[in-house]
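The values are calculated or read from the model by the stated rules, or taken from the named source; none is laboratory data. From a predicted model like this one, the values you see are computed outputs, not experimental measurements. Cβ: placed from backbone, ideal geometry, glycine included. Neighbour counts: every protein chain shown.
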Amino acid sequence: MLETHIEGRPLAPSRLVTVGRTVPTVVAHAATAFPSSVALTDGRRSWLFDDLPSLSARVAGHLTGLGLGHGDRVIAAAANRSELLELFLGCAWMGAVFVPLNPETPEAQIGDLITYLEPAAVFTDAACLPAWSRAFPGTQRMDDSGVAAWDDAPECVVWPKHQPSTTVTILMTSGTTGRSKGVECPSGQFIQWGESVGELLWIGSDDVVYTCLPLFHTNALNAFMQTLIAGARFHIGQRFSVSRFFEHLVEAEATVTYLLGAMVGMLLTRPEAAIDREHRVTRILAPGTPIPSLHAFEQRFGALLVEGHGMTETNLVIAPPPGERRLGFMGTPVPGFEVRVVDEEGAPMKAGIIGELEMRTDIACAFANGYWRLPDHSRDAYREGWFRTGDRVVEEDGWYRFIDRSKDVIRRRGENISAFEVEQAIESVPAVSRSAVIPVPAELGEDEVMAFVVLAPGALTTEEDVAAAVAERLPRYAVPRYVAFVDDLPLTDTGKVRKQELRDRGIGPDTWDRTPAGR
């Protein structure tokens, strides 16, 4: 049981003792601990905690009736809806593997995914059905009638061999820097996520947890696990909308929610309105929020933005200790996890020196099992038992601050430049809404710095003005040589910029060049 305070308010939320540490055991225990509380809703279908074991068993019965067995992959490609989590529970119940995919997957990629994952069943909504049916003729449609195919299915007994190490989902990486990989996530990893992030956000049985983040990524799926353990209500929202976000929070009666990437800055562009403070949300998990945006957001909307570091392959490994906060830092290692900062050869770095973040844990099954059918990638992800995150960080007094991704380091004239730090400088310019910085080839070798810039609505400025403003905040060598104004940036569904797409685009005919010689 966690005991802490939010703005002086004492909290001691009741939580399950997660004996067994598998998804089916958590479902069974939650049904006993919180039977009459609403566990799950999307505004169309709702389920009490007491309903979940029977629901899981019926979904498992339906899948079994389709001829599926233990370890078979079940693809689900649909916009956020209750049925996605129902399939997640049913797959775990019978030992199948749930594979949620982006419903906007280009049709040209669907065949490759079918080949890679070899599913035994595919479920989609109406919008996705034609494309998936062409690649997988047995695709089943999830309709909007409020009735699912498994509602009247016979119940299937829980698979007795389910262990904490059993893979329950394959989650595809975002593919921002290369081809997506399938991360094999076991039950034990989900349980640890639910415990750690639930405590970080002080989630209790009186909370309503709302997310509009997509259920084909780890953040939203693990938010569901947080509510199962805490006895809170999980409300699945539709796609993130700047104009309707706070209206959706009010409609859901939410008290906890989640934001990623550019969402915080985008919400600050909303016209001020009474609804800014009419919601009940007090805590928002929003990793990586720049300090100026954090201050502005908390003052305007009255909710605490919470930091932390976790990955699809790992868990919540770094977070602020209870009752502590250091702006600009992710936090300190979570109990049960170790972290270190190393150079390219794996040698530990001294405090205050930037290096790659590596992590390990002695908590059984708290990390992913590897990458689906990619043994070389699974092996190369570790160095001497430490998971290599690819993130560059710096440690100060036991606290860790994110610098950038290793692949976002730009080398110009012998100097290492952090794309993240250049982006923060650009986004501190009032006329700028969002930016993305990439390396482009220099005439004499190494890199030049290029910035793609999205201006704030109604802003009137020039590329030269932006570069001049940034020059007051950065060393001369880090100021972008090239600036391109764009209407928007290519984003993943979690708000990450697809930088490989920008690298492929590179310098165009309308790109502004600070100096023809690059000096």
Checklist outcome for this item: Taking region 214-254 and the residues there that are crowded, with 23+ Cβ neighbours inside 10 Å and among the β-branched types (Val, Ile, Thr), the one that is nearest to Glu184 (Cα to Cα) would be Thr218
Checklist outcome for this item: Just one listed residue, out of Glu463, Glu472, is assigned by TED's automatic domain parsing to the domain that holds Val440 and surrounded by fewer than 14 Cβ atoms within 10 Å (Cβ to Cβ), and it is Glu472
Checklist entry - Can we say Ala39 is within 26 Å of the chain's Cα centre (by Cα), part of a helix (DSSP H, G or I), more than 28 Å from Leu117 (Cα to Cα) and not acidic (Asp, Glu)? => result no
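Residue-wise test of (1) part of a loop (DSSP other than H, G, I, E, B); (2) within 23 Å of Leu84 (Cα to Cα).
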| residue | (1), (2) |
| --- | --- |
| Leu249 | no, yes |
| Thr269 | yes, no |
| Glu272 | yes, no |
| Asp276 | no, no |
| His279 | yes, no |
| Pro287 | yes, no |
| Phe297 | no, no |
Checklist entry - Which strands (runs of 3 or more DSSP E) sit wholly inside region 130-221 and have at least 3 residues that are in contact with a Cys (Cβ under 9 Å, 6 or more places away or on another chain)? => result 167-172
Next on the checklist: All but one of (1) modelled with pLDDT of 95 or more; (2) surrounded by 14 or more Cβ atoms within 10 Å (Cβ to Cβ); (3) not aromatic (Phe, Trp, Tyr) hold for Arg277; state the number of the condition that does not hold.
Outcome noted: (2)
Checklist entry - Scanning for something in contact with an Asp or Glu (Cβ under 9 Å, 6 or more places away or on another chain), surrounded by fewer than 19 Cβ atoms within 10 Å (Cβ to Cβ), outside any helix (DSSP H, G or I) and not aromatic (Phe, Trp, Tyr), does region 86-100 turn up at least one residue? => result no
Next on the checklist: Criterion first (more than 15 Å from the chain's Cα centre (by Cα), surrounded by fewer than 23 Cβ atoms within 10 Å (Cβ to Cβ) and in the same structural domain as Ala60 (by TED's automatic domain parsing)) does Thr166 satisfy it?
Outcome noted: yes
Checklist entry - Condition test on Leu228, is it in contact with a helix residue (DSSP H, G or I) (Cβ under 8 Å, 6 or more places away or on another chain), assigned to a loop (DSSP other than H, G, I, E, B) and in contact (Cβ under 8 Å) with a residue 60 or more places away in the chain? => result no
Item to check | Yes/no for Pro100 being assigned by TED's automatic domain parsing to the domain that holds Asp42 and either out of contact with any Leu (no Cβ under 9 Å at 6 or more places or on another chain) or at pLDDT below 95 (or both) | outcome: no
Checklist entry - What are the residue pairs meeting all of these: first residue in region 106-135, first residue in the same structural domain as Gly65 (by TED's automatic domain parsing) and closer than 25 Å to Gly65 by Cβ, second residue of a type in the set (D, E, K, R) and surrounded by 22 or more Cβ atoms within 10 Å (Cβ to Cβ), Cβ atoms under 6 Å, and 6 or more apart or on different chains? => result Leu117/Arg73; Pro119/Arg73
Checklist entry - Do we have Glu345 as of a type in the set (Asp, Glu) and at pLDDT below 95 here? => result yes
Next on the checklist: Please go through region 299-315 and give me each residue that is under 20 Å from Thr255 (Cβ atoms), surrounded by 16 or more Cβ atoms within 10 Å (Cβ to Cβ) and of a type outside the set (Gly, Ala, Ser), ordered by number.
Outcome noted: Phe301, Leu304, Leu305, Val306, Glu307
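For the structure I just gave you, tell me whether Thr115 is polar (S, T, N, Q), more than 22 Å from Ile170 (Cα to Cα) and part of a helix (DSSP H, G or I).
For Thr115, the condition - polar (S, T, N, Q), more than 22 Å from Ile170 (Cα to Cα) and part of a helix (DSSP H, G or I) - is not met.
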Item to check | Criterion: of a type in the set (A, V, I, L, M) and either modelled with pLDDT under 95 or surrounded by fewer than 20 Cβ atoms within 10 Å (Cβ to Cβ) (or both) - qualifying residue of Ala126, Ala60 | outcome: Ala126
Checklist entry - Restricted to region 433-458, and to residues that are free of Cβ contacts under 8 Å to residues at least 60 places away in the same chain, more than 18 Å from Asp408 (Cα to Cα) and assigned to a strand (DSSP E or B), which residue is farthest from the chain's Cα centre (by Cα)? => result Leu455
Item to check | In region 459-480, residue modelled with the lowest pLDDT [restricted to those that are within 14 Å of Ile410 (Cα to Cα) and touching a strand residue (DSSP E or B) at 6+ places or on another chain (Cβ under 6 Å)] | outcome: Tyr477
Item to check | Any hit, region 69-82, residues being out of contact with any Pro (no Cβ under 6 Å at 6 or more places or on another chain), farther than 18 Å from Ala120 by Cβ, surrounded by fewer than 24 Cβ atoms within 10 Å (Cβ to Cβ) and not basic (Lys, Arg) | outcome: yes
Checklist outcome for this item: A careful count of residues in region 71-82 that are among the charged types (D, E, K, R) and either in a loop (DSSP other than H, G, I, E, B) or under 20 Å from the mean Cα position of the chain (by Cα) (or both) gives 2
